Protein chains: 2
Amino acid sequence: MPEVFRELRVELEERAYPILIGKGLLGHRDLTPFVSGRQIMIVTNTTVAPLYLESAKQSFPGCQVDEVILPDGEVHKNWEVLNRIFDALLEKRHSRKTTLVALGGGVVGDMTGFAAACYQRGVGFIQIPTTLLAQVDSSVGGKTGINHPLGKNMIGAFHQPGCVLIDTDTLKTLPAREVSAGLAEVIKYGFIQDREFIGWLEENIGALKALDARALTEAIYRSCRCKADVVAKDEREGGLRAILNLGHTFGHAIETHAGYGNWLHGEAVGAGMVMAAHLSLRLGTLTEEEYRRVESIVAAAELPMRAPEGMTPRNFLDLMAVDKKNVDGNLRLVLLRSLGDAEVTADFPQSELMSTLEAFCK
Amino acid sequence: MPEVFRELRVELEERAYPILIGKGLLGHRDLTPFVSGRQIMIVTNTTVAPLYLESAKQSFPGCQVDEVILPDGEVHKNWEVLNRIFDALLEKRHSRKTTLVALGGGVVGDMTGFAAACYQRGVGFIQIPTTLLAQVDSSVGGKTGINHPLGKNMIGAFHQPGCVLIDTDTLKTLPAREVSAGLAEVIKYGFIQDREFIGWLEENIGALKALDARALTEAIYRSCRCKADVVAKDEREGGLRAILNLGHTFGHAIETHAGYGNWLHGEAVGAGMVMAAHLSLRLGTLTEEEYRRVESIVAAAELPMRAPEGMTPRNFLDLMAVDKKNVDGNLRLVLLRSLGDAEVTADFPQSELMSTLEAFCK
């Protein structure tokens, strides 16, 4: 048993599953208790395979372990590439008792989960996320899917894993920029519902940036627990779950304006959270001191604090008008009622939003 | 309200939905109580569209009703054709409150249901089956999916409809051969669990062949109720549900040997049921008189009673060896313990099976 280890049990209506978090778990944890048959299909990509595929195989002693290695990148999150997973399953004669294992970041997780949801109308699924973003975002919620040329994540399913294994050592091979992008989502959980976690983050952001296993394990545990709390109250996305989108409405506008891939998702969310906090400050729900704390945590995570060069308030308004949270054409935003408490609201003067946009578009 | 009408409520763990059965329902029944939004996408094919699309549209007054017309045939039950549904949904900007309506036979139903299961991770679904086979087979069970080049129905989901509307008038445009094929499944329900229904069928098979609306409504109602009983006890296919495969193991061998499309599925099941009854007779669970009743109902439905010309017992054994019901390489068959009572069993001497195969391969 490794020294640095925490386990979170995610309780859902019909099922429950564990998230195992710690240092040096990959290849040393026997995951066979979480599979129903003896067939395993590990799905990974060309970047992750050379680093972790062999270790991952060690987690399934006594099983038939096959593999599919997909090309890396969001651009490959489509039907043609998904179909390679089905091809491999059928060529290797995997039965409906097979278990699919996602080894990689969010794209691998989304595609593998969707393949598991659809193969023979549903088979087992285990996640081994290897990016910080996937560890704190995809481990809970059960969202899987692929993109369609006319829309991201338009085709998919809800499919819960039987187990999630998070090895903090896998972050050592992650580019620093992607660590920061993952931290944006970690910080978000503090802002939306855990004020005490914000204090912890202020003290430990340096250790997280330095990939200290103990700090990472704690941060990932608390992030997953926070998301699990929110999702448990709203498993199929009625209303509450929308608070997980803090910073995302501004962020999506930034990502789209910059062109996908130029800003990482987490980077756009980082700037977007500061903008949401700024608007909350203008509306009087956040104090000046609380707003400064938001700014300084985001800065400490080395995330951007401004809109991209040349982006205008008009650009923001046009791009935010198509957000999924909007109702009857009214823009809805996740704003902070206080530090550690978020709400979805359309109740803000357009002039205040404009002032915030202008402040960040200089 | 039409004169000939029955309603069956299918009760499942989390949800329940009605099957509305009768004469002249299409276009006269308002189906808007079963949709959550105001957007409808009717999916049909080139054969059914000219006959019933306009009537189907009348069932959704006040809604935005769009349509996709797919090519007709099992050969088109693949991802490329499925994707046309997603294209249409996104081009017409259907939201996650949309409802997909399957208007056609089993292929349209399977594909539309799968599209509804996956579009934005799950939207509403209504079935309007227009073949007898789809009416008595696809109305209950929630199975949806598409074929993969390496296997039929390998990619899919369980997705329950909000409502099924069955208009017996749509059978007037169905070729007589397909009516007989549908009757094979109707008869099957009697054989596997409803002895009293067998007596009813013996009296009414002529009226069914003549498409009498009252007889059809009763037969469809009882078939769906029987399947609902079995499925309710085994929603995700553990064991009992396998009895719905009476005649199917012999039948699949016949279909494969004959080449898909040369024998209709129901025709192969018809011959297969007589073979299963013959083996049950040899094993002593069915009496000679009961076996004669099986033969004469199947004959009255104008279904084939023999293996295809030139097919040998060896052909059967080879093709049956790959059946999904088999466990550890042992052939398992659905046999009759008595008329109206079926079981899945591997407990029969190979020699008796050979005798049955030889009797039907002359």
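Values quoted throughout were computed directly from the atomic coordinates according to the rules given, and no laboratory measurement underlies them. No experiment lies behind these values; they were computed from the predicted model shown. Note that we place each Cβ from the backbone using ideal geometry, even for glycine, and neighbour counts take in every protein chain shown.
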(request) Determine the shape class of region A:266-333: with a ≥ b ≥ c the square roots of the Cα gyration tensor eigenvalues, call it rounded for a/c under 1.5, and otherwise prolate if a/b is greater than b/c, oblate otherwise. (result) oblate
(request) Treat every Asp and Glu Cβ in region A:218-335 as -1 and every Lys and Arg Cβ as +1, leave all other atoms uncharged, and give the resulting dipole magnitude about the Cα centre to the nearest 20 debye. (result) 240 debye
(message) Taking a point 7 Å out from Cα toward Cβ as the label site, list the nm distances between residue B:33 and the same residue in every other copy, smallest first.
(response) 5.0
(request) Let me know the charge dipole size of the protein assembly as shown about its Cα centre in debye, to the nearest 20, where only the beta-carbon of Lys, Arg (+1) and Asp, Glu (-1) is charged. (result) 60 debye
(request) Find how much the distance from residue B:28 to residue B:260 grows on full extension, using 0.36 nm per residue of separation minus their present alpha carbon separation; answer in nm with one decimal. (result) 79.8 nm
(request) Starting from the alpha-carbon convex hull of chain B, give the projected area averaged over all orientations, in nm². (result) 17.0 nm²
(request) Put a label point 7 Å from Cα along the Cβ direction on residue B:302, then list its distances to the equivalent points in the other copies in nm, shortest first. (result) 7.8
(message) Give me log10 I(q)/I(0) at q = 0.06, 0.07, 0.09, 0.12 Å⁻¹ for the protein assembly as shown, Debye formula, one equal scatterer per alpha-carbon, no solvent.
(response) -0.42, -0.56, -0.86, -1.28
(request) Could you tell me whether region B:137-291 comes out rounded, prolate or oblate from its Cα gyration tensor? Rule is a ≥ b ≥ c as square roots of the eigenvalues, rounded for a/c under 1.5, then prolate if a/b exceeds b/c, otherwise oblate. (result) rounded
(message) Under the rule a/c < 1.5 gives rounded, and otherwise a/b versus b/c splits prolate from oblate, where does region A:70-132 land using the Cα gyration tensor?
(response) oblate
(request) Quick one: which residues, 5 or more positions from residue B:27 or on another chain, have an amide H under 5 Å from its amide H? H modelled 1.01 Å from N in the peptide plane, none for Pro or chain starts. (result) B:59
(message) What does the charge count around residue A:206 come to, taking other residues whose C-beta lies under 15 Å from its C-beta (Lys +1, Arg +1, Asp -1, Glu -1)?
(response) -3
(message) Quick check: residue separation of residue B:362 and residue B:16 times 0.36 nm, minus the Cα distance between them. What number comes out in nm?
(response) 119.8 nm
(message) Going by amide H atoms built from the backbone, whose H comes under 5 Å of the H on residue A:212, apart from near neighbours?
(response) none
(request) Could you give the size of the charge dipole of region B:5-170 about its Cα centre, using +1 on the Cβ of each K and R and -1 on the Cβ of each D and E, expressed in debye and rounded to the nearest 20? (result) 380 debye
(message) So the label point sits 7 Å from Cα along the Cα-to-Cβ vector; using that for residue A:350, what distances do you get to the other copies, in nanometres, sorted shortest first?
(response) 8.2
(request) Report the Stokes-Einstein translational diffusion coefficient (µm² s⁻¹, integer) for region A:1-133, Rh taken as the Kirkwood radius over Cα pairs, at 20 °C with viscosity 1.002 mPa s. (result) 142 µm²/s
(request) Could you tell me what % of all Cα pairs in region B:172-237 have separations over 20 Å? (result) 27 percent
(message) For chain A, what does the relative contact order come out to in percent, with C-alpha contacts under 8 Å and a separation of six or more?
(response) 15 percent
